[in-house]
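I have placed the structure first, in the form of structure tokens, so that the comments after it can refer back to it.
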Amino acid sequence: RKLNEDCRMVIGPYTHWHIQAMQPKLWRTLLDFFDRHLLGDAAARDLPSVDAFAMGHDMGWMQMEDWPPPHTKEQKFGMIRGNDGDPNKLIDHNSSTIETFDESEISYVYDPSDPTPQVGGATFNPSCCGRSSQNAIESRNDVLVFSSEPLESPILIAGEIKVHLEVVSNVEGTDYVARACQVASDGESVILADGIIRRFNLRPGRRTKVDVTLSPVLNRLGVGDRLRLQICSSAYPKYGRHLNTRGSFHLEVEANAVVSEQILIVGGDSGCCITVPVLPA
């Protein structure tokens, strides 16, 4: 579009291996596009600028003028530590209760010899891709989980979720992985999108801001659903393990690997938070 070219985008609900599922839509779209632009057939169907499939509740195709949609609004959620065994929370910044949560810390330990696995999502692995259940991953000690309250009205997430972390590390290098999930009323958690940032210049014992941008998503959460966020330091084997050192990733050796502790600052004015692009109803 920056070159003022006439182009079209189709975003489908497929993994790399769903060849048969994508064929009807793919071939019809290609033929319509070629008929109109190569053969000059004015009777051929003119395609929308963006034809995207919304996942989640009320799944189906949506036509848009651009991607990401230009009219999204950012909805901000603060990451809050649960008290007395309560689960950690995602609190809407528009909520009247957000100011009542003081700053606190929550931590996890990442061991490269037992990396947190990646289950589902945008991977090239035919046996482990797509909207996979995350409940087993979320039970691990090296994964922090934050969940919103059940939604009182549906929301349509359209674009890139951004995660803003305030961290303290005991090592100079590690990964930060963020993963957004949709949690149904029966408790099943499925992956929506994930992202990773690889750091080699951390200052042990000092606060550092880390931003993680998740892969684009178009997903509708229904009434009663929860938005969930996972934070960890590995998504193996989608991404190679960080050995928690400053050494170049492709040159570092297993013998130098160390166990790391990552502390997240949550609550208060500068605690960790996420921003979610939402299309107005």
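The values are calculated or read from the model by the stated rules, or taken from the named source; none is laboratory data. Just so it is clear, the structure is predicted and the values come from calculations on it, not from any experiment. A quick note on method: Cβ atoms are made from the backbone with ideal geometry, for glycine too, and the neighbour counts reach across all protein chains shown. Accessible surface areas use protein heavy atoms only, side chains included; no ligands, DNA or RNA. Shrake-Rupley method; radii C 1.70, N 1.55, O 1.52, S 1.80 Å.
List of remarks:
- Looking across the stretch 101-141, the residues that are on the phi > 0 side of the Ramachandran plot and touching a strand residue (DSSP E or B) at 6+ places or on another chain (Cβ under 6 Å) come down to Gly120, Gly121.
- Yes/no for Ser185 being more than 17 Å from Tyr239 (Cβ to Cβ), of a type in the set (Gly, Ala, Ser) and surrounded by fewer than 21 Cβ atoms within 10 Å (Cβ to Cβ): yes
- Set side by side, the residues Val258, Val212 differ, and just one is closer than 30 Å to Gly60 by Cα and touching a residue at least 12 places away in the same chain (Cβ under 8 Å), which is Val212.
- The residues of the stretch 220-259 that are buried (at least 18 other Cβ atoms within 10 Å of the Cβ), among the basic types (Lys, Arg) and part of a loop (DSSP other than H, G, I, E, B), listed by number, are Lys238, Arg241.
For every residue, the table says whether it meets (1) within 30 Å of Asn125 (Cα to Cα); (2) modelled with pLDDT under 80.
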| position | (1), (2) |
| --- | --- |
| Leu26 | yes, yes |
| Phe33 | no, no |
| Leu38 | no, no |
| Asp46 | no, yes |
| Ser49 | no, no |
| Ala54 | yes, no |
| Trp61 | yes, no |
| Pro69 | yes, no |
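- Count of the stretch 227-255 residues which are without any contact (Cβ under 8 Å) to a residue 60 or more places away in the chain and polar (S, T, N, Q): 1
- Restricting attention to the stretch 31-45, the residues being surrounded by 12 or more Cβ atoms within 10 Å (Cβ to Cβ) and not basic (Lys, Arg) number 8.
- Residue match in the stretch 100-112 (condition: within 20 Å of Val145 (Cα to Cα) and touching a helix residue (DSSP H, G or I) at 6+ places or on another chain (Cβ under 6 Å)): no
- For beta carbons closer than 6 Å, sequence separation of 6+ or different chains, a first residue in the stretch 53-71 that is under 21 Å from Ala180 (Cβ atoms) and a second that is among the β-branched types (Val, Ile, Thr), the qualifying pairs are Met64/Val50; Trp67/Val50.
- The one condition in (1) touching a Leu at 6+ places or on another chain (Cβ under 9 Å); (2) over 28 Å from Lys76 (Cα atoms); (3) open to solvent by 40 Å² or more (accessible area, probe 1.4 Å) that Pro204 fails to fulfil: (1)
- Neighbours by Cβ (under 6 Å, 6+ apart or cross-chain): first from the stretch 185-200, under 28 Å from Val258 (Cα atoms); second open to solvent by 50 Å² or more (accessible area, probe 1.4 Å) and not in a strand (DSSP E or B): Ile196/Tyr239; Phe200/Arg246
- Scanning the stretch 250-281 for residues that are modelled with pLDDT of 95 or more and of a type in the set (Ser, Thr, Tyr) yields Ser260, Thr275.
- Subset tally (residues that are under 11 Å from Ser104 (Cα atoms) and among the polar types (S, T, N, Q)) for the stretch 254-271: 1
- Residues of the stretch 87-134 that turn out to be of a type in the set (Gly, Ala, Ser), open to solvent by 30 Å² or more (accessible area, probe 1.4 Å) and in contact (Cβ under 8 Å) with a residue 12 or more places away in the chain, as a count: 5
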